[in-house]
């Protein structure tokens, strides 16, 4: 009987990293999806950071909170937190 140990001896992982053909495709797709998700999260974080920075500058210029809320889309709590800094 051909065992797992026999297979690993005949096909070390460095020479044959995927046992089944679909494994390579699965791993490549998982990496691609994780990369895309990371990019999307980074973009979202950048947008949020930009909104906060814009609101911070507007507060420094004495712009009314109601206007900052409309322009940035931030919550009133976010604006008040920035104002308290």
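All of the numbers you see were taken from the coordinates with simple rules; none came from a lab. The structure presented is a predicted model; accordingly, all values stated were derived computationally and were not measured. As a convention, Cβ positions derive from the backbone with ideal geometry for all residues, glycine included, and neighbour counts pool all protein chains shown.
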Per the 1/(1 + (r/R0)^6) rule, R0 = 41 Å and r from the Cβ atoms of residue 69 and residue 22, FRET efficiency to 0.05 is 0.20
Radius of gyration and Dmax for region 14-85's Cα atoms, expressed in Å?
21.7, 66
Take residue 60 and residue 31, extend 7 Å from each Cα along the Cα→Cβ direction, and tell me the distance between the two endpoints in nm.
4.3
For the pair residue 81 and residue 50, the simple spin-label estimate (label points 7 Å beyond Cα toward Cβ) gives in nm 2.0
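Counting helices only, and only those DSSP H runs with n ≥ 4, report the 222 nm mean residue ellipticity of the chain as the sum of -39,500 (n - 2.57) divided by its residues, in deg cm²/dmol to the nearest 500. Present the calculation step by step, with values, prior to reporting the outcome.
Details: 4 runs with 64 residues, N = 85.
Value at 222 nm, helices only: -25000 deg cm²/dmol.
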